[in-house]
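The values are calculated or read from the model by the stated rules, or taken from the named source; none is laboratory data. Predicted model, so just to flag it, every value in this text is computed and none were measured. We place every Cβ from the backbone using ideal geometry, glycine too, and count neighbours over all the protein chains shown. Just so you know, the surface numbers come from the protein's heavy atoms only, side chains and all, with ligands and any DNA or RNA stripped out. Shrake-Rupley method; radii C 1.70, N 1.55, O 1.52, S 1.80 Å.
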Amino acid sequence: MTDFLQLTFSGLTTGAAYALVALGFAIVFRGTRAINFAQGEYVMLAGVTAGALHQWAHPPLAVVVLAVVLMGALCGVATEVVCVRFTRRPDPNTITLATIGLGVAIKAVVLLATDRQAYTLPGFSGDATLHVGGAVLEAQALWNCALVAVAAGALAAFLRWAPLGVALRASADDGEMAAASGFSRNGAAAWSFALAGALAAAAGAGLAAVSPVNYDFGTLLGLKGFAAAMLGGLGSMPGAVAGGFAIGLTEAWFAGYVSSTYADVVAFGVLLIVLFTRPTGLFAAVRVERV
Amino acid sequence: METGRFSPRRLLALALLLATATFALAACGSDDDDAGSATAAGGSTAAADGAAGGDPIKIGSLFSVTGPPAVVGDKMRKGLQLAVDELNAAGGVEGRPLEVVFYDPAGDTNKAVDQTRRLIGRDDVDVVVGGGSQSGIALAMQPLLQRADKLFMATEGAREIVQPADERATTFKSTFNDTVVLQRTADFWRARGVRGVGFLPDTSGFGESAKAELEGLAPDAGIAVESESFDPTATNLTPQLTNLRRASPQAYLAWTTTPAATTFLKNAQQLGLGRSLLQLGFGSADPAFFAQAGAAARGALLSAGKLPIYDRLPDSDPQKATIARFVEAYEARYDEPANVFAAQAYDGVQLVAQAIRAAGGDLSGRTLASALEGLGSYQGVNGDFRYTAEDHSGLGVDAVAVSEWDGRRFVPARDGLTE
Amino acid sequence: MSSVGEPRERLLVLALVALGLLIAPFLFEGDYEHGLLVGFCVNLLLLTGLNLINGYAGQVSLAQAGFYGLGAYVAGILGARAIGPVWLSFVAAPLAVAAVSVVVGLPSLRLRGLYFTMASLGAGVVLFLLFGRAVSLTGGPNGLLGVPILELGPLVLDTPTRIYWLAAPLALLGLAFAGWFAASRWGLAIRAAATSEPAAAAAGVPIFRLRLLTFTLSGAFAGLAGALEVYENGFVSPEPFGFFAAVTLLVVLTLAGVGTLLGPVVGAGLLFAFDELLADASDVRPLIIGLLFLITVQALPHGLVGTVADWRRGRREARERR
């Protein structure tokens, strides 16, 4: 029982990260119908910057987190400018491919800037751990889960009630009507990317507090977060959160009970199964065309 | 779809492409001093005080100074450079200065193979010292260098690098085989009454080799070993530790060269395994790995050379003086503490120099190999090297020590030294 | 839209490439340099294969690097474990990858556009992870050792130069096949389907089956490339087959010109140039690739060769109008 609890806690920790990344995918997809492959690299960029900031200047943790969240949002805006505005006609395919290129470029810049060094952040409540039923849960894991809850809740509220959020939803449903009403497609795209960037940054800071981060860890994370978003249903916020935790837990249980070596393959197996059997995911938000 | 009109966007795109191309060329121009044929930081090799004339002897070297094995590789490179500079200052070897051609594979085996082929085909080196700071890389380099008849002095740990010796005629190493380190550790366990061990090797060549060794060694020593492998890039070892915990071992031993060592200590502490012995292998022989684990590392054990505890050795130990001299020189030069890895590279160069002197100028792999085998005994920093036709590692169990981290530094562990 | 040109043009292109391949080893002499030339041929095979599914069938695939790795590992494992004669492993590799392509393609090709790309990405990443994790089979992250010398019957190809004289004709044949295929009735059908699916379907084209065929062919090309690579290197490890490798192939082909005959050749040349120019600054490479992709995909979607083709077409049309 202890083992099960232990593995579950481990799964919740990684699941929170996947959920945050998946939320980012969902938002961008809602806003542009494209898949933002730079998402994982945003997380990495934020995590490494947070760690480097901490190592260099030791500012209070809240300042670090706030700083990278802001940076993440700016990253998102920059992505929109570079991947959407620059194109003649921003169709989802082109935007997606462009974000792939951007993601690779971001990773390379961090590689050159940090020379492959690894960074950490202190846990938000130090090294505190909780003992539940014989298993150990890092306090940071709870922080990360809380981050997901806050982010998901705030997003939902924003989209529901805030004028800008409503405009975003309108743009996603019927872009031309929204544009006619004064909310441009590009504006919607910019806001979607900015939100995704901020979310990713929060995830990055939360992860850096769990284990060392370097230029490399964003790629696999981004791909797994994408799998989570697909599982939940691309474009669905609750789906993204559910998908994230589902994959995190499945991975952890697989690592413990079947094979820790192949645990990383789980997320992609899930992705392929979803694509092949039910591409709309668990909480179908968008129809997927099949041949 | 537009036809071939040269729209402003197209022109802009082409202009950006040109800019990118220029940037690329500029980048490779400015990076020429970092990697490639130039020498290590702060080292001038050809220009030396001892008036070394004649054709330089080219030493090819691969160390991962960035990437997962960076902590190891960085110190190795510095150790190598220290030896090269000392030799050059004394007039070179056989009157010829030493020149280093260095590449950084950053832990990527494929890149290392490419770089090795460059060393052989383009840079035309005479000998190679340093196998990328990773056993897996050294293992991949070995057949290429053997075929090219170049002496390969590896600084990595897996025993297959030099075994079977008749198939590794021109390959040697300046560090222990994992065999002797594991033997010493097994002796330690026997003395401490450890009957069950949880073993965590990584899936690199280094870990795989140790896994095979330990599983062969353990039954004879009367110790039960359970193994759980992990990917060298893993950031969470809780699943593996949870699995190993079921058998309630008295000791946990992790075997890797990457920062996963720190993760191991932290995770083990978090899981409440601190009552058992927490141990690391000689791929983690640097204070950094322990210091970064904070409180979790206190009391943790290390199986490696004697350098970390040299000042606590009895004066009767001949290694004490040799290590002291090296540590002084290293710290004077680099203003940072020395470690086992730096010593390995240092010894490697010195051994090669000895071989070149003994061989009287013939630098082919076969000749230098015979010279090394005929050296007899050489007192290196990490121990007394006795190469033979069967043993291209040269170090025995007596050169290994089990040390303990007391929170600030290493101290000899009880039952840690061969009497 | 893909362009293949008149049969005469195709023949001219092939002749030029053949000439280039023939002269190259005499321009660049030495074992190491010939090794690089083998690398060029390997990349040419890879890109030719990718061009089939990307360019002619219009389905962007990110699985090519994974298939490449699969070919290399199949050939390497069979060779290192001495399972059958060495030449068998060389032949088995493309066949094995073709089989896996069918397995991957059957469910994936039913998906449209971006979703197919995602599925191919998933497949490629799974393969890459397996290469590094199935340690007892593949040797793990540090790779597979013990790959023997390539012996095809009486021929012992133990130097890069000798392997080149196998690789170059294979690459040329591959290119010729691709050109022939594109102009054949299957090729025309699939290119029509890429331009307008409903029209092609209405005309009775078995789109799904043709796409599956194309995908399988591209896999076979990758498998062959992998086999050549593993015997040239004497070694294989997971790093060259990951996500970044898949992206690089896509970038280079897009930049060179997707759906053209010369595209893969220019692309292979670009890769060669990158590797040589950036050998000492290999950390800058991903930055260049990323930026190039970013720019190309938005502003130069037909790539270099494609833009030239467009320009020539534009000139021709302008002349005809006068």
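For chain B, which whole-number percentage of the solvent-accessible area (1.4 Å probe, protein heavy atoms only) is attributable to carbon and sulfur atoms?
Reported share for carbon and sulfur atoms: 49 percent.
How tilted is helix C:31-51 with respect to the longest principal axis of chain C? Cα atoms for both, answer in degrees (0 to 90, nearest 10).
That works out to roughly 40 degrees.
Roughly how large is the B-C contact in terms of buried accessible area, totalled over both chains, probe 1.4 Å, nearest 100 Å²?
Numbers: alone 17450 and 15360 Å², together 29350 Å².
Counting both chains, the buried surface is close to 3500 Å².
If the elastic network links every pair of Cα atoms under 10 Å, which of C:R285, C:R133, C:R312 fluctuates the most in the Gaussian network model of chain C?
C:R312
Just to verify a number: FRET efficiency for A:D127 and C:R185, C-beta to C-beta distance, R0 = 51 Å, to 0.05?
Rounded to the nearest 0.05, the efficiency is 0.15.
So for the stretch B:284-382, considering every pair of alpha-carbon atoms, how many percent are separated by more than 16 Å?
65
Would you mind getting the accessible area per residue of the stretch A:15-217, heavy atoms of the protein chains only, 1.4 Å probe, in Å²?
39
Rounded, prolate or oblate: which one fits chain C, using the alpha carbon gyration tensor with axes a ≥ b ≥ c (rounded when a/c is under 1.5, else prolate when a/b beats b/c, else oblate)?
Since a/c reaches 1.5 and a/b is larger than b/c, the shape of chain C is classed as prolate.
For chain B, what size does the Cα cloud have along each of its three principal axes, sorted from largest down, in whole Å?
78, 66, 41
Among A:F245, A:F37, A:F86, which one shows the biggest mean-square fluctuation in a GNM of chain A, springs joining Cα atoms closer than 10 Å?
A:F86
Does anything in the stretch A:221-239 have its amide N under 20 Å from the 7 Å Cα→Cβ label point of A:A157, and if so which residues?
From the stretch A:221-239, the list is A:237-239.
Based on alpha-carbon positions alone, could you give the equivalent ellipsoid semi-axes of the stretch A:15-217 from the gyration tensor, as √(5λ), descending, whole Å?
Calculated on Cα positions only, the semi-axes equal 31, 20, 13 Å.
What is the dipole size for the protein assembly as shown, taken about its Cα centre, with +1 at each Lys and Arg Cβ and -1 at each Asp and Glu Cβ, in debye to the nearest 20? Could you put the intermediate results ahead of the total?
Working: 71 positive and 84 negative charges, 903 e Å.
Here the protein assembly as shown has a charge dipole of around 4340 debye.
What distance in nm lies between label points placed 7 Å from Cα along the C-beta direction at C:E9 and B:A389?
That separation, rounded to one decimal, is 6.9 nm.
If every alpha-carbon in the stretch C:236-298 counts as one equal scatterer, what log10 I(q)/I(0) does Debye give at q = 0.16, 0.18 1/Å?
-0.52, -0.66
Just name one of B:N110, B:L62, B:V127: the one whose Cα is farthest towards the positive end of the charge dipole of the stretch B:56-189 (beta-carbon charges, Lys/Arg +1, Asp/Glu -1).
The one lying farthest along the dipole's positive direction is B:N110.
Mean residue ellipticity at 222 nm from the helices of the protein assembly as shown, using -39,500 (n - 2.57) per DSSP H segment of n ≥ 4 over the full residue count, to the nearest 500 deg cm²/dmol? Mind showing how you got there, number by number?
Numbers: 37 runs with 618 residues, N = 1032.
Theoretical 222 nm ellipticity from helices: -20000 deg cm²/dmol.
Between B:G79, B:G348, B:G407, find the one with the highest GNM mean-square fluctuation for chain B; connect C-alpha pairs within less than 10 Å.
Judging by the Gaussian network model, the answer is B:G407.
For the stretch C:275-322, state what percent of all Cα-Cα pairs lands in each successive 10 Å bin, counting from 0 Å until the bin that includes the largest distance.
Percent of pairs per bin, in order: 23, 29, 26, 14, 7, 1.
To the nearest 10 degrees, how steep is helix C:185-195 against the longest Cα principal axis of chain C, on a 0 to 90 scale?
70
Taking every pair of alpha-carbon atoms in the stretch B:100-164, what share in percent sits in each 10 Å bin, from 0 to the bin with the longest distance?
24, 62, 14
Using unit Cβ charges (K, R positive; D, E negative) and no other charged atoms, how large, in debye to the nearest 20, is the dipole of the stretch C:7-242 about its Cα centre?
1000
Tell me the total accessible area that A and C bury against each other, 1.4 angstrom probe, in square angstrom rounded to 100.
On the way: alone 13860 and 15360 Å², together 25500 Å².
Summed over both sides, the interface buries about 3700 Å².
Solvent-accessible area of C:F28, probe 1.4 Å, all protein chains present, reported in Å² to the nearest ten, please.
90
Helix C:263-277: angle to the longest alpha-carbon principal axis of chain C, degrees 0 to 90, nearest 10?
Value to nearest ten degrees: 50.
Determine the share of chain C's accessible area contributed by carbon and sulfur atoms, expressed in whole percent, with a 1.4 angstrom probe. Please list the in-between numbers first.
Details: 8040 of 11730 Å².
For chain C, the apolar C and S fraction of the accessible surface comes to 69 percent.
Debye sum, Cα scatterers, the stretch B:209-266, no solvent: what log₁₀ I/I(0) at q = 0.17, 0.28, 0.31 1/Å?
Each listed q corresponds, in turn, to -0.60, -1.30, -1.39.
If we count every other residue with Cβ under 11 angstrom of C:L210's Cβ, Lys/Arg +1 and Asp/Glu -1, where does the sum land? Provide the component values of the computation, followed by the final result.
Details: positive: C:R185, C:R191, C:R209, C:R211; negative: none.
Computed value for this residue: +4.
Could you please report the charge total around A:V213, scoring K, R as +1 and D, E as -1 over all other residues with beta-carbon less than 14 angstrom from its beta-carbon?
Details: positive: A:K107, A:R116; negative: A:E41, A:D216.
Within the 14 Å Cβ shell, the charges total 0.
Would you mind classifying the stretch C:35-81 by shape? Square roots of the alpha carbon gyration tensor eigenvalues, ordered a ≥ b ≥ c; an a/c under 1.5 is rounded, otherwise it is prolate if a/b is larger than b/c and oblate if not.
Numbers: a/c = 3.59, a/b = 1.57, b/c = 2.28.
In terms of gyration-tensor shape, oblate.
Have a look at the protein assembly as shown and give its Rg and Dmax from the Cα atoms, expressed in angstrom.
When restricted to Cα atoms, the protein assembly as shown yields Rg and Dmax of 29.2, 101 Å.
Please state, rounded to one decimal and in Å, the Kirkwood hydrodynamic radius that the stretch C:188-285 gives when every pair of distinct Cα atoms enters the mean of 1/r. Display every interim value, and only then the final one.
Working: mean 1/r = 0.0625 Å⁻¹.
The Cα-based Kirkwood calculation yields 16.0 Å.
Taking only protein heavy atoms into account and a 1.4 Å probe, give the accessible area per residue of chain B in Å².
Value returned for chain B: 36 Å² of accessible area per residue.
Run the simple label-point estimate for C:A192 and B:A90 please: 7 Å along Cα→C-beta, distance reported in nm.
8.2
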